[in-house]
Number of protein chains: 2
Amino acid sequence: MASAIKTIEWADDRLVILDQTLLPNSEEYVALATVDEVIAAIQRLAVRGAPALGVAGAYGVVIALDQGARENWSETRLLDEINRIRVARPTAVNLAWGVGQVEGFMAQGRAEVLRAAQQLAQDDYLANREMARLGADWLLAKLGDRPLTLLTHCNTGSLATTGWGTALGVIRELHERGKIKEVFADETRPLLQGARLTAWELAHEGIPFRLLPDGAAAMAITTGLIDAALIGADRVVANGDAANKIGSLGVALACTAAQIPFLVVAPESTVDRSVATGSDIHIEMRKDDEVTQMAGVPTAPVGTRTYNPAFDVTPHKYISVLVTEKRVYDYQAGQLP
Amino acid sequence: MASAIKTIEWADDRLVILDQTLLPNSEEYVALATVDEVIAAIQRLAVRGAPALGVAGAYGVVIALDQGARENWSETRLLDEINRIRVARPTAVNLAWGVGQVEGFMAQGRAEVLRAAQQLAQDDYLANREMARLGADWLLAKLGDRPLTLLTHCNTGSLATTGWGTALGVIRELHERGKIKEVFADETRPLLQGARLTAWELAHEGIPFRLLPDGAAAMAITTGLIDAALIGADRVVANGDAANKIGSLGVALACTAAQIPFLVVAPESTVDRSVATGSDIHIEMRKDDEVTQMAGVPTAPVGTRTYNPAFDVTPHKYISVLVTEKRVYDYQAGQLP
């Protein structure tokens, strides 16, 4: 196996991140030592992905403590700076959550805050590994103990987490077991996380793969090229419906038509039992220019309006199983989360 | 209504085409007067779309006759030059068909060849208008006489034909009747015909529209935003299955899930009863760099392999009706072509 991708890591009293804005064309690491540097990295999406942002928020508190000590910040200034990290991307719940997980340890000193941040990162990693194990076991039991061809959408790998991945983590686990024949990676318009990030991760790991336009997934699936499809989730609600990157629903519909398994892989913290059904999930609508431009070049007439939701919701009836670090929920057997 | 788009037209003894490679950023017409100019325009895709290519081939014979008269070509030279037009894009059946439709009139002189080419263009236009009328009537009868929100994929408008369109022709007809609320146009990766061409046509006609990533179509359709979806076809076979631009199948699956009409609109000449089912249709696989680059900028790691079929096949069970210039085939009532 290729060396592990270190998306985010604490080293020499700095937060070292892989700059995802430069992928796939360049692989560069940045060491962050000030609150401003942490915020800039988060805002320009050098670090992204819900679990990774949570960890960045937690380590950000340590950086604020260190900078405050160097620069003799007042207690008020310190709390203000930590709050700036918390709200660096206001829609990213995990960022505020990560800050919140460690700030309670500040009274016990910097070492305890760092320990809590490292624990949070370790917990995310271990949860990923457990999901991967459970998902891989389920697929091999369901489809037979043989190399599989799997399709995935968006990026749910090391780059979105602390070093393993959710849906892509299952694929990595299967690859380690010698059970991946090939991965079909949707390019994932409009922001191309599949082309830019998933393809890069798969190439880095030496996992055989092909990239495809999102519109080609239905044909690949219904003509028998694919054994199963796997996605992550941004939120799973009480009835089992799952919100994920736009384009996920189309993959689920094709899997249903082809009668092959469609898996959602996400940590228990993604399950929000306070929301009844998928239609109650608020879907973020994004800007026109994500769709009307490519690499800065216009692809549509000036002034073109778009329909550009960030996520779609896959109804539970199109989902075979939800895999968390705790268990496999078999939706088709009525086991909702 | 805005002035009609003149994709291809005979004027002042020249073949005048709208250069589609410059759309949507620039609207420029090119007048072709030599065989070399006609072939270059076809090969660099300045003129594209099956019906439009047929007409270009037919007018190309007139251009060869005129150039031959100016330059005193031998009979052999003349036939060689006409053959060069015929095979300018070897996979485009319509190009050879268009040449073949008029060359039989050469013995009767240039005026008869020109008349035949003009007839061919006129016939395409009239067939389009008839399809549009039949499709619009069917939709309003089915969905109620009210302004509709329709989704389409790829480009099936004036730019692909001689000035009206197939699926987009139905939309234009409905717009003239005041029955279009809004059009959702899939951008149609990888070559973005929806973003570049359909959006341009809709803007030109003043038809309200929004552009969407192909992956967002399933969400738009299943959340109730869309009344019906319409596509064209490259080939319809004996059991009713239809091959069309990659991504069409996903639209059909979403329409089936949402229980809204999914229409295929194509001339009778597209129906190939010599092929039994869609699985017998040979699907052209295209180059990796259509998917791994955007506007010349790499979007995926160097060396990334792709799955890039030009077309997919929608099984007849997911198609509500096939609209041709002759009639509406109601698949759900067992009326296959």
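The table below lists the values:
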| read-out | value |
| --- | --- |
| Every residue from the stretch B:291-324 that is open to solvent by 30 Å² or more (accessible area, probe 1.4 Å), modelled with pLDDT under 95 and within 22 Å of the chain's Cα centre (by Cα) | B:F311 |
| Flag for B:Q332 being within 14 Å of chain A (Cβ to nearest Cβ) and free of Cβ contacts under 8 Å to residues at least 24 places away in the same chain | no |
| Identity of the residue in the stretch A:79-105, surrounded by fewer than 19 Cβ atoms within 10 Å (Cβ to Cβ) and among the aliphatic types (A, V, I, L, M), that ends up farthest from A:D36 (Cα to Cα) | A:V93 |
| Pairs with Cβ under 9 Å, 6+ apart, first in the stretch A:204-216 and more than 7 Å from chain B (Cβ to nearest Cβ), second among the acidic types (D, E) | A:H204/A:E27; A:I207/A:E182; A:I207/A:E201; A:P208/A:E182; A:F209/A:E182 |
| Selection from the stretch A:157-198 of residues that are within 14 Å of another protein chain (Cβ to nearest Cβ) and among the β-branched types (V, I, T) | A:V183, A:T188, A:T198 |
| Residue match in the stretch B:54-63 (condition: under 29 Å from B:A310 (Cα atoms), of a type outside the set (A, V, I, L, M, F, W, C) and over 17 Å from the mean Cα position of the chain (by Cα)) | yes |
| Residue satisfying condition, being over 16 Å from B:V113 (Cα atoms) and either within 14 Å of chain A (Cβ to nearest Cβ) or not aliphatic (A, V, I, L, M) (or both), within set B:G68, B:G49, B:G57 | B:G49 |
| The one condition in (1) assigned to a loop (DSSP other than H, G, I, E, B); (2) closer than 24 Å to A:R189 by Cβ; (3) touching a residue at least 24 places away in the same chain (Cβ under 8 Å) that B:A254 fails to fulfil | (1) |
| Tabulated pairs, the stretch B:21-44, first away from every other protein chain (no Cβ under 14 Å) and over 21 Å from B:L95 (Cβ atoms), second modelled with pLDDT under 90 and open to solvent by less than 80 Å² (accessible area, probe 1.4 Å), C-beta under 9 angstrom, 6+ apart or interchain | B:E28/B:L22 |
| Test: residue in the stretch B:235-250 that is of a type in the set (G, A, S), in a loop (DSSP other than H, G, I, E, B) and surrounded by 24 or more Cβ atoms within 10 Å (Cβ to Cβ) | yes |
| Selection within the stretch B:264-306 - part of a loop (DSSP other than H, G, I, E, B) and free of Cβ contacts under 8 Å to residues at least 12 places away in the same chain | B:H282, B:A295, B:G296, B:T299, B:A300, B:P301, B:V302, B:G303 |
| Some residue of the stretch B:254-273 being out of contact with any strand residue (DSSP E or B) (no Cβ under 7 Å at 6 or more places or on another chain) and among the charged types (D, E, K, R) | yes |
| Residue that is farthest from B:R210 (Cα to Cα) [pool: residues in the stretch B:161-190 that are over 16 Å from the mean Cα position of the chain (by Cα) and part of a strand (DSSP E or B)] | B:I180 |
| Out of A:L65, A:L45, sole residue that is over 21 Å from A:Y125 (Cβ atoms) and assigned to a loop (DSSP other than H, G, I, E, B) | A:L45 |
| Where B:K142 falls short, out of the listed (1) closer than 22 Å to B:L253 by Cα; (2) open to solvent by 20 Å² or more (accessible area, probe 1.4 Å); (3) at the interface with chain A (Cβ under 10 Å from one of its Cβ atoms); (4) of a type in the set (K, R) | (3) |
| Search result, residues across the stretch B:23-42 that are in a helix (DSSP H, G or I) and either closer than 29 Å to B:V265 by Cβ or in contact with a Ser or Thr (Cβ under 7 Å, 6 or more places away or on another chain) (or both) | B:V38, B:A41, B:I42 |
| When residues of the stretch A:303-321 are limited to those that are among the hydrophobic types (A, V, I, L, M, F, W, C) and more than 8 Å from every other protein chain (Cβ to nearest Cβ), the one nearest to A:S279 (Cα to Cα) | A:F311 |
| Candidates A:A243, A:A238 - the one that is touching a Lys or Arg at 6+ places or on another chain (Cβ under 6 Å) and away from every other protein chain (no Cβ under 13 Å) | A:A238 |
| In the stretch B:217-228, residue farthest from the other protein chains (Cβ to nearest Cβ) [restricted to those that are among the β-branched types (V, I, T) and outside any loop (DSSP other than H, G, I, E, B)] | B:I221 |
| All positions within the stretch B:243-253 that are at pLDDT 95 or above and under 18 Å from the mean Cα position of the chain (by Cα) | B:I246, B:G247, B:S248, B:L249, B:V251 |
| Count of residues meeting criterion [among the small types (G, A, S) and away from chain B (no Cβ under 14 Å)] in the stretch A:254-296 | 4 |
| Count of residues meeting criterion [modelled with pLDDT of 95 or more, open to solvent by 10 Å² or more (accessible area, probe 1.4 Å) and under 27 Å from A:A300 (Cα atoms)] in the stretch B:1-27 | 1 |
| One residue from A:D272, A:D288 being at pLDDT below 95 and not polar (S, T, N, Q) | A:D272 |
| Failed item, numbered, when A:V313 is tested on (1) in contact (Cβ under 8 Å) with a residue 24 or more places away in the chain; (2) part of a helix (DSSP H, G or I) | (2) |
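The values are calculated or read from the model by the stated rules, or taken from the named source; none is laboratory data. This is a predicted model, so every value here is computed, not measured. We place every Cβ from the backbone using ideal geometry, glycine too, and count neighbours over all the protein chains shown. These accessible areas exclude ligands, DNA and RNA; they are computed on the full protein's heavy atoms, side chains included. Shrake-Rupley method; radii C 1.70, N 1.55, O 1.52, S 1.80 Å.
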